[in-house]
Each structure stands twice: as structure tokens, then as C-alpha cells.
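A short worksheet on the structure shown next.
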Amino acid sequence: MGFTKILFFFIIIKTIILSINALSIDRYEQINNTITVYGSGFGSDATVLAFKINSSYYSKSSLIFDVIDTQVSFNMTENWVYNGMLQAILNGNEVFEYGNIEIVPILNVFTVPNNNLGTSYPFEATIGGYHFDASLVGADILMDGNNITNCNVTSRANDFPIGYRCLIPPGVGSFNITVKVASKISNSLTKWYNPPRSTSIDPVFSFSNSSTTIRGNDFQSGAFDKTIVTFDGVEAEVISSSYDSIVVKHDNSLKPIDPGGFKTTLTVGGQIASFPYGNLFAYTKYSVFASRVDVSGTYTIDLLYPNWNYTDLMFNNISVRGYCQATPYPGLENQMDLIIRLICDFPPSIKSGNAYFTDTISIYNFNILFSPYVSIPSTQQINDIPPEGCEITLIGKHFDTIMFDGSPNNLVVNYNGNNYTNYNLINSTYMTFNIPAGSGTNNYLFILSNVNTTQQPFIVSYYVPEIEIYSIIQNNQSLVIKGSNFSDITLMTITLATIDISSTCVGNSTDITCGPTLPVGVKSGELLIESPGYKSASSIFYFIPVITSINPKSFDTKTYNTLTITGVYFETIDPVSLKTNNLQVLVDNQALLSVLVNPNTISITISPGVGSNHEVKVSVNQTRVSNIETFTYYPPTISNYVQLNNQFEISGDYFGINSKDNKVYYNNILIDSKLTSTGNIQFTLLDNFSNGELYITVGDQKSNVVPTVLAPVITSISKKPYVDGSSVITVSGRYFSNLNYQTQQPTPMTFEFTLDNDPSDPNVLSCNYINSISYSCKFTTVGYGNAILVATKTDESTSLKSNTFSISYQEPKVIQSTSLFYQVPGLINITVESYSSNSLQVFVSDSECTNPIVLLNKQIQCNYSADVPPNTDGKSLNITVISNQMVGINEVFYYSKRYECPNNCSNHGICNFVNGQCQCSNDWQSNDCSQEKQQPLPEPSVDNNGKTTLNGNDNINFTVSITHLREIDINDKTIKLLSLKDIKWNNRTQISKTDSYFNGTFENDSVQVELDVTYYKDEENIDFAGDSILIPSNSMKYIILISNWNFTSSTNNLQVIYDSQTTAYYDDGCDIIQSNSSSNVNEGSKISESVTWFQVVSGNSAMDAKFSRRMFVDEKVRMASVSILDPTDPLYSLTNRSDTFNKLIAITTPYFKSNVKLDPSFSSLIQPSTSTSECDENKWKIPVIAVLCSVGGATIIGISAAMIYKSYRNKQIVLKLSSKLKNFK
């Protein structure tokens, strides 16, 4: 009975396996180069499935599972696949043969040399594509479905043909190319023979029917049925055709629609021919029976059989049809189709010569002769010729010296019956001629040539000359008179305001110059020019005043001065109207009060001022303005400068009396300045200025350049020196620069430190230059009380001392303290800086901590009675340290509380009840020591933004980073939110291999964030604010310092938000396990306890976070408040993703003025596997083998079951099989 059960179970198992793995092909499809196979049993694993067509094999990355298990596609990467067996292969040994298939060939190449598909001769074409072979028998190339017999294989791939060269027969129109392999025919490519092209059309005549020939190429002999010719849309009969000509019959009774002729079209084999040289032709019928030139310059032509609408008139090979107007012939007005009269007004450029009419087919030649015709002057009289004669210009037509037949044309100008040939012929339309001297008003002029034509004469009149004055130009004290008809200068008399100035004048008929100086007493008035035989001319002239000198030309900048102006034409009375002129002196275009000392001297007062090249002008009535003279103020000079701290005062000469006039430049930089009551200039220099050079500008004038040495000024030190001489302090101040701007030579500084209680022994400090405003100095002098600091700066031979800066030693600085339980006396360790063991006293609040002793690491140990009650407001108690009568105090002491450890450390460690943390034994780890230590993990890493990545097992990582700073009010309402994505890290420093420092700020916000991230390779106890924290091995510890947060209210708090992130789910191969977290405070708990540890678990990896129960707030120790944000907090929406697990931790700080310091740490570890999945591989195998081993089938069934598990890993199948196994128990 037992064997029967086992056999029946084996049959069921085998049936399940076969049903799952059944492999078959139902059908296939080919689209282009892709084969799609339809069937079953294909699964979805490309590594175990393959397809084969003959020798072509397709597997792995070439397979695409369109539908899992039933539809797979693959691309035939070879271009030579041939017909044959299609097979499916599973796991390399299971084969399903579908049968022989035929591959459809693919045609994608058809090329001919130069792309020339000629119509009159065969041409070779290259044809190519894919799968041109069927069981090695080759392919057939088809043209319009017919086999092309003249084809040869030109290229092969793996000995299979993929390209052919075929001879294509001539033809017209289009044809289709396909490839046939076995019974399969490829895609079709459509090609066209060369289109027809016409180069010319032979003419036809109008008097009888005739034929015309269309000439060109890419026609075809005998292609009557494929050739169509039309003229103006009317089809013509094709008589014959060849490769390059087509003869058609044309009905000449038709009239062309277009005046230029008939529009011709040609179609051969469905392709329309091109006509690059035109497709029109026309008839001709005309003759000229009379032509002549009219007196007016027009030309008349009488034309028989005109057909004028389709005819062009060519004259010397130029179309002149547009210059002609068709009119009826006199007496035959109704017969314009028989005869017309053309009236042509040809342009001047048309010369005598050959003419002909044409309609592009027939030509009629004749001659046209022109005679000279003058059109300009347009009147028949030329007036105002001077008695001595002058040159005139004649413009007209046909001033030709050569006839159309090459014979000379005698062209002459006839004046008063005399012929002249001394004309200047420019061209056929333009000439100049000198009219001879004469008189009177009836003088006649003609132009004559060989062509006799009557012309109307031009009448020429002479005139009596008159002197004309066009302009009078004053040049300083001389005059330039421009005009016409000036006679001999020696015969002319020139007067100005009745004073004869002729003796100072020279000139010609158009220009007279008088000067360079005119006679004394000349003034503005009437200018009169007279000459015998000429009409005289006069003009009113006004002089422009002229300055000849000014004195003096330089002035003091601070006093009033007298300026004397000397010159001429300072006219106070208008000589024509006798009215008083407005005489002004302009200085820089501003009118000043002036005194006319005499007609040639003016006196003015110059006010204090600055600058050079001030302009002086004299103006009469604001319209007549003189030449410009300039004066200047004396340039500034610096005689001395004085420094008082960062204030400087310059003394010297010729400064401006207004502050805006004076500009101070130090090392070529403009410095703000002001005038003092004594006339000196004061200014302030920025702290970073170096020794260099000083000058000023007053107006546009620059002073002398003064070399400067700046005395250093000490303004502050970064901290007080410690009494033990261990301090490195930054000294800040002004003018610490170590280089002279002007000379580029070094300017070193020294610092002397002198104790008040030992003034006779100054100490020279060891200092290093940082920048132009700071030095770093080592204060190694042990002492206490007060001292002074003096700096000395040396520039070449000059040394200057700074101010005396008072310093006091740092009083004891209390940092933190260890704790005791209330009313349990004991020793406490206090971290203190800057103290000595002399006269040492310690107090906790008002209770003395007795027997203080100095330990290493800046610690004092004393015995405290623990009797002072803790503060009711939750603040720490004061600790006071007195050393050398110097007192230091700070709020740093808290009493300890008893904290239980999680799970009592699982009996694998020791609980520290002060902080509630376990000290695990060597082989155990985690917050409660419940997990055995696994293999070590890789070191965590820190990126450029301070984010830490902790490495877990199986590629699981944890990331920890600060994401936000959030200010909240007492109602937990968000007041301000800053994202760390927006921070600008101003400093990223790798301090050591294990320590990284970050310093960053935000745009438009004063807050500063500092991160100190330290890696701990080994386990270590650290003390933060008196709270002892155990840092596990392979951990990262943060120290966070946040400064300059501007709270909107002192009742508000600041939250520093940490994001701990890992993958949301972990797949262990059987189950999908969700990541989770835990802490010492239950999420959602109403208890106000601060979170001190926090754990995130993903798979078999975990990340531990630890937080101190204390923090530094403005250097005072305060209790920390750490909480896990509720999942409804809006910040989760800014960090969560569907594939991550996130927990946001808020470290909440109270209001602070300066800064707050926080101290979290993070580590990762591997947890031992706790999988209980029913599909665990070991648990899967053991029950099956245990059930079957009694009948000897353990090996077969075990392997079968393992194969099902390994192939599918499907939990549902496993559960069904498990259920069936239970039925057989």
C-alpha cells in the first residue's frame, strides 16, 4: 500500500512537470526581418530558450518575449537565411521541430550608374537585399512580373548570394522590380525611366498646313501609343518619333492664344517633358513700305500685314517696340489688319542703323536714319549770355558723327550764319559749345548734319554784367568776400563803414581776401564794391569780436582774481540801427559781470575754482561770439599726510574749496573724502589696504604722488589667551598687508606681548601672515591678569608701531561635567580650559567641590556632595572654577537618572544605567546585544554634501543626512523651513583620513551650518556635554554646529531634521520583506522621553543611530529632545519615494542667541538570518526527502522537487504541492 501511494504521487509530480514544461510551435509570422513564433512552453528566461532555422541560431539577448510562455520574436541578424527547418530548443536538450519554412526575401537596393535610366539602350542595375537564397538554388529577379534572364550574382555572405547585377531593357515611364525565392515574392520597388526633355521646336508658316519637329532627348523610337503632343491644349497628330525627335502635323488655321505663340506640351510614357528653352512658336507676315523722320524728332513707319500684336520691332538688335504706338493709316482707318502707321518716339540712345520686324520665326529688315534734334534748352531763346561769351550745354538726340553704314556724318553748330566745329561732343545726346563774344538780343543757333531736316533756331541774348556779393566770411581779423563778376582788383574800390579797405585786398573774379589786419577804426557796417563798367553791389556786414590775449592765464583755487581781455570789435553800438549791443564775457559759457576799459580792453573778476582749460569768449547780442582763449587754476600739491587709526588727513596747496572738487586716490582706488574747516582733506581707508601711493585730483588736475607707509592698527583678537600658554589666537586689525602696492616689496610685521605684572620683559610672538587684516599668533607666555599687545610694521627703512591693544587672560572656561545621582556624593570630572593649579577652587552652585586636582585632557576632578537640588526649570546647575583669582562659570551640571537597557542587554553585555546603553560582550552586537557579530562590513563613506552611506549586506545600503532646518512655535506650527539642498558649502575639508569638515550658508539667510563627520573604526566611549556615549566600531559620528539663526520669537524652537533611508523592500529569493524601524521610545508614544537610540532594519542588515541626551546651547549644557516625526508630517512628502523606507528624526533645540551643538552617531551591522519562509530551500528539501527516503526514491524526487523550486520560485505552486504532500501522510 505504501508503494502504491508513492508511485501515484510520482505520476502526479511528473504530470505537473510536463504540463508546466510543455514546448510546442503552432505557427510563425515574418514581418520584414523579424520572425514571431507562436506556441507554448516558452517561459520567460532567454538564457534557456533558443530558436534555429537551418544553421542560423537565435538565443539570449536576441529574443523578445512578446507574451510570456506563448509568443517570442527575434530578428534575423544574418542577411542570408535560407528556407529550412524551424526548431525551438529548451535547456539545450529539449527540441520541438515545427517543419520547413520559407523565408520571404527583402529587396532594399536598386542602383544604376549616375542614376541614368536611359530610354534608348539597356543599362546595368545593381539589385540587393536579404535572404535571396532558397536551399542554395538562388533567386529570380522580376521586372513587372517577368523574369529578367540576364542577371549575375555580384556579392555573397557566407557563400550565399545577396546581390545581383541585371541588364534592364530600354523603355519609357515606370516599371516594378521584385525578387522571387521559391514561392515567396519580396516587396516591390517602383522605378522610372529618364523623363523626356525638349531643346527646340522648328517653326511653322501661316499660309499652309505644315508639320513641325520637336527636338530633344529621352524620347523612344516608335512609341506612338505613349507620346502625346498638344498646341494650346489641342492634341496634334504624331507622325514619327525617335530617341531625339518627334514630328507632328499642325493645323495652321488655328490662332495662338498667347501673343508670343502656341503653348506646347509633350508627354512620353506618362512623364511630362521639360522645355528649358521655351515652348512657344508663332507665325509671321508683314513688310514696310514707307518710313521717315518728323521735324519733332519722332519716326513714322507704315507697315503692311502687320500682325502687330505678335510682332517685335528690333533696332540695332535692341527691342524698341515699347516706343511705338500703332495708329490707323490715313484713309484706311478700318483696315488695320492690312496696314497700320507706327508713330515711334525713340530714346536718345537709339542711333541710325538696321531695323527689322520679327515674330521669332520670320524677319523683315529695313533702315532708319535720324537727324540731330535739340530738346534742351527747351525754349527758343537763350538769355543773359555775358558780353565776353560763355560755354552752354545742348541736350537732345542723334548727335551722331557716323552714319549707320559707317560713313561720316558732318555735324556742325551754325551761329549767326557761321559754322563752328569747336564744340565738345560728349555723346549722341550731350554737347557743350562756347558762345563767342557779342551783344544784342537776336542771335541765332542751329545744329546741322548730313540728314536734311528743318529746325527752328534758338535765339541768344547778351546782358550787361553786375557785381554780386554772395557771402562775407570773417577769419580772425581778415575778411573773405565771395561773389561774381569781380573785375580787375586794381580797378575796384572796396569800402566798409565808409572806410576804404581796398589796399588790404587781393583776389580774382569770384574771391577777394582783405587782411590779415584791417585799417584802424573799421567797424561793422555797409560793405560796397565798385568797378568801372559794372553795376556795383553792397551788403551789410557785422564783425565778430576777436580776443587777441588774456592776462594772467593761471589763478589760485581759493581767491578772487582779475582777468584782463584784449582784442578788437568789442562793439557796444549797432552801426546800422544805432541801438545798444548786449556785450558779454562768457567763462565756460556762463556770463560774468564785465567792465569795458576801452574799445579794445575788458576786465572781469574770476571766482575761486579748480581745473584747467576754462574757456573765455566775448559775445555781442549772443549771436556774434569770439574765438576762445583759456586759463587754468594751479594744480594741487600734497605736502604732508597724518594717520590717526584709520583716519587720514592731507595738507597741501591749491585744493578745491568744495569737497566734491577734491578726489583722493589711494593705490589708484577712489576714496571718499571731505574738507576740514582748515582746508585740509580727511578720508578713511579700508582695513585691507597696503602701503603704497597717495595722490589727489582737483577738477581735471592731478597732484604729486606721495609714497605712503600705513601704521598697523590692532582692532581685536579671536579669543583671550589661555593662562597655560597654549593658545593660538588670530589678531585682527587694519593695514596688516605684507606687500607694498607701489614697490611690490615685502612689509613684515612683528608683535610684542607685555604682561602688566612684568612690563620689563616683552615677549615677541611667533606669528604667521593670514591676510591683509589678520595674523595667527602663538601665545606661549604663561600668566594671568592683563597685558598689552603692540605690532610693528617695517617698510624698507621705515618702521611704524601700532596702537597699544589691551588684553586680559581668559578666565577659566567651564565646558562640561560628568554627573552623579542626586544625594549620592562622589567624584566628578569637569572639563575646563585656561586655568592653572594655583589657588584652584570649584563650586557646584553654592556648594564647594572639595579637593580639586588637575587631571590630563584639561580636566579637574573634585569631590562633590551632591546636595544641591536640581533646578526646577530643567536647566543645568552652575559650576564655578576659580584660578589665580580669575573666575569662570557656566551651566553644565546635571544629575544622573537611572535608565534601563533594552532587554537587559540579552544577558550578553553590561548595562550602563546612567545612559541606558549596553556594553556588549565581544561576540555580540546591536542595541540590546541580541545579535551575534557577523563578518565586518565595508567602511561607511561621506559625500560632498555631508551625507553618510553605511553599507549593509547583500547590496543593502543606508543613508543618513540632514535634510531640513525648521523653526516651529509653541503650537508646533512651521515658521521657517530651510532645505539642505539649497545650502552652499563654502568649505569642504578632508581634515584627516577619518575626519571631514563642512561649512555652509544659505542665500538670503544669516544661518551658518558646520558639520564635523568622524569615522570610528573601533568601539570607543566618548563624552559629549557630560553624557557618556558608546560608539560602536565602524561608525560615523556627527558634531553639528548651527550659528546665527534669527528666531522670530524667543519662545520658538529649532528642529534639525535627519533622514535615515534604505530600500523599502528586501527580496530574499522567496519572500518580499518590508523594511522597519524601532527605538527606545515607541512611535506614537505620549511619553516625552528623548530618543537615545534608533534602528532601521532592511533584510538581514540594520543601521543603529545613537543620540546624546544632552546638547550645548550657547555653550551651556541643556537636555536634548530627540523624536521620530509622525508619518503625517509634511516633510515626509519631500523625502519619501515608493522604493525607499524613510524615517525622519527631529533634534529639537530651544531658542539660542549664538549657536547650538549636537552630537548624533550612526553604524550598520549584519543580522543573522531569521527566515521562516515555507520556501526556504533547506526546509523545502528536508520534508520531501524525509517522506520519501523509506522507499528509496529520495534522490529522484528530491532532484525533481528542487528543479521545480529552482525553475519557478513560485510560492503558490509550492503551497499547492505542500498541500498534496500532506494528503499522502
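So, restricting to strands (runs of 3 or more DSSP E) that lie completely within the range 1089-1153, which ones have at least 2 residues that are modelled with pLDDT under 90, among the small types (Gly, Ala, Ser) and more than 25 Å from Ser876 (Cβ to Cβ)?
Where strands (runs of 3 or more DSSP E) fall fully within the range 1089-1153 and carry at least 2 residues being modelled with pLDDT under 90, among the small types (Gly, Ala, Ser) and more than 25 Å from Ser876 (Cβ to Cβ), they are 1101-1107.
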Residue under evaluation Met492, criteria (1) under 25 Å from Asn627 (Cα atoms); (2) of a type outside the set (Val, Ile, Thr); (3) without any contact (Cβ under 8 Å) to a residue 60 or more places away in the chain, criterion not met: (1)
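Given the residues Asn786, Asn771, Asn740, which is the only one that is outside the structural domain of Lys858 (by TED's automatic domain parsing) and closer than 29 Å to Val881 by Cα?
Matching residue, one of Asn786, Asn771, Asn740: Asn786.
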Pick from the range 734-753, criterion surrounded by fewer than 18 Cβ atoms within 10 Å (Cβ to Cβ) and of a type in the set (Val, Ile, Thr), ranking: nearest to Val706 (Cα to Cα): Thr743
Subset of the range 315-331 (residues that are touching a strand residue (DSSP E or B) at 6+ places or on another chain (Cβ under 6 Å) and either outside the structural domain of Tyr299 (by TED's automatic domain parsing) or modelled with pLDDT of 80 or more (or both)): Ser319, Val320, Arg321, Tyr323, Cys324, Gln325, Ala326, Thr327, Tyr329
The range 882-909, residues that are among the acidic types (Asp, Glu) and outside any loop (DSSP other than H, G, I, E, B): Glu891
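Okay, residues lined up against (1) of a type in the set (Gly, Ala, Ser); (2) touching a Phe, Trp or Tyr at 6+ places or on another chain (Cβ under 6 Å):
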| residue | (1), (2) |
| --- | --- |
| Ser774 | yes, no |
| Leu789 | no, yes |
| Thr798 | no, no |
| Lys801 | no, no |
| Ser806 | yes, no |
| Val814 | no, no |
| Pro825 | no, no |
Identity of the residue in the range 236-250, within 11 Å of Ser211 (Cβ to Cβ) and either in contact (Cβ under 8 Å) with a residue 40 or more places away in the chain or not aliphatic (A, V, I, L, M) (or both), that ends up surrounded by the most Cβ atoms within 10 Å (Cβ to Cβ): His250
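For the range 639-650, does any single residue satisfy the condition of being under 18 Å from Ile547 (Cβ atoms) and out of contact with any His (no Cβ under 9 Å at 6 or more places or on another chain)? Step through it out loud before you land on a result.
So the first thing to find is which residues in the range 639-650 are under 18 Å from Ile547 (Cβ atoms), and the list is none.
So far as the range 639-650 goes, no, none of its residues is under 18 Å from Ile547 (Cβ atoms) and out of contact with any His (no Cβ under 9 Å at 6 or more places or on another chain).
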Selection from the range 134-159 of residues that are surrounded by fewer than 18 Cβ atoms within 10 Å (Cβ to Cβ) and at pLDDT below 75: Ser135, Leu136, Val137, Gly138, Ser155, Arg156, Ala157, Asn158, Asp159
Test: residue in the range 666-673 that is more than 30 Å from Glu811 (Cα to Cα), in contact (Cβ under 8 Å) with a residue 40 or more places away in the chain and either over 50 Å from the mean Cα position of the chain (by Cα) or part of a strand (DSSP E or B) (or both): yes
Hits in the range 118-133 - residues which are surrounded by fewer than 19 Cβ atoms within 10 Å (Cβ to Cβ) and not aromatic (Phe, Trp, Tyr): Gly118, Ser120, Pro122, Glu124, Thr126
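Farther than 30 Å from Tyr423 by Cβ and either at pLDDT 85 or above or not small (Gly, Ala, Ser) (or both) - does that describe any residue in the range 449-468?
Yes - at least one qualifying residue is present in the range 449-468.
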Residue list for the range 588-601, filter: surrounded by fewer than 18 Cβ atoms within 10 Å (Cβ to Cβ) and of a type in the set (S, T, N, Q): Asn589, Gln590, Asn598, Asn600, Thr601
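Every residue in the range 832-865 that is charged (D, E, K, R), assigned to a loop (DSSP other than H, G, I, E, B) and under 60 Å from the mean Cα position of the chain (by Cα), please.
The one that is charged (D, E, K, R), assigned to a loop (DSSP other than H, G, I, E, B) and under 60 Å from the mean Cα position of the chain (by Cα): Lys858.
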Matching residues in the range 980-1006 - criterion: being exposed (fewer than 15 other Cβ atoms within 10 Å of the Cβ) and of a type in the set (Gly, Ala, Ser): Ser992, Ser1006
Which listed residue is touching a Phe, Trp or Tyr at 6+ places or on another chain (Cβ under 8 Å) and under 30 Å from Phe555 (Cβ atoms), from Val706, Val728, Val713: Val706
Qualifying positions in the range 155-202 - assigned to a strand (DSSP E or B), of a type in the set (S, T, N, Q) and under 21 Å from Thr77 (Cα atoms): Ser155
Top-ranked residue in the range 25-67 [being within 16 Å of Gly99 (Cα to Cα) and not in a strand (DSSP E or B); ranked as modelled with the highest pLDDT]: Asn54
Answer from Val585, Val568 - the residue that is buried (at least 18 other Cβ atoms within 10 Å of the Cβ), among the aliphatic types (A, V, I, L, M) and in contact with a Leu (Cβ under 6 Å, 6 or more places away or on another chain): Val585
Test: residue in the range 348-359 that is crowded, with 19+ Cβ neighbours inside 10 Å, at pLDDT 75 or above and within 30 Å of Ile395 (Cα to Cα): no
Single residue of the range 696-720 satisfying the filter (of a type in the set (Ser, Thr, Tyr) and crowded, with 18+ Cβ neighbours inside 10 Å) that is nearest to Gln744 (Cα to Cα): Thr708
Qualifying positions in the range 639-649 - in a strand (DSSP E or B) and either in the same structural domain as Asn600 (by TED's automatic domain parsing) or not charged (D, E, K, R) (or both): Ser639, Asn640, Tyr641, Val642, Gln643, Leu644, Gln647, Phe648
Pick from the range 628-658, criterion among the hydrophobic types (A, V, I, L, M, F, W, C) and surrounded by 17 or more Cβ atoms within 10 Å (Cβ to Cβ), ranking: farthest from Gln701 (Cα to Cα): Phe648
Among (1) exposed (fewer than 11 other Cβ atoms within 10 Å of the Cβ); (2) closer than 26 Å to Asp345 by Cα; (3) modelled with pLDDT of 80 or more, the one test that Gly417 misses: (2)
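The values are calculated or read from the model by the stated rules, or taken from the named source; none is laboratory data. For clarity, every value in this text was computed on a predicted model and none was experimentally measured. Glycine also receives a Cβ, built like all others from the backbone with ideal geometry; neighbour counts cover every protein chain displayed.
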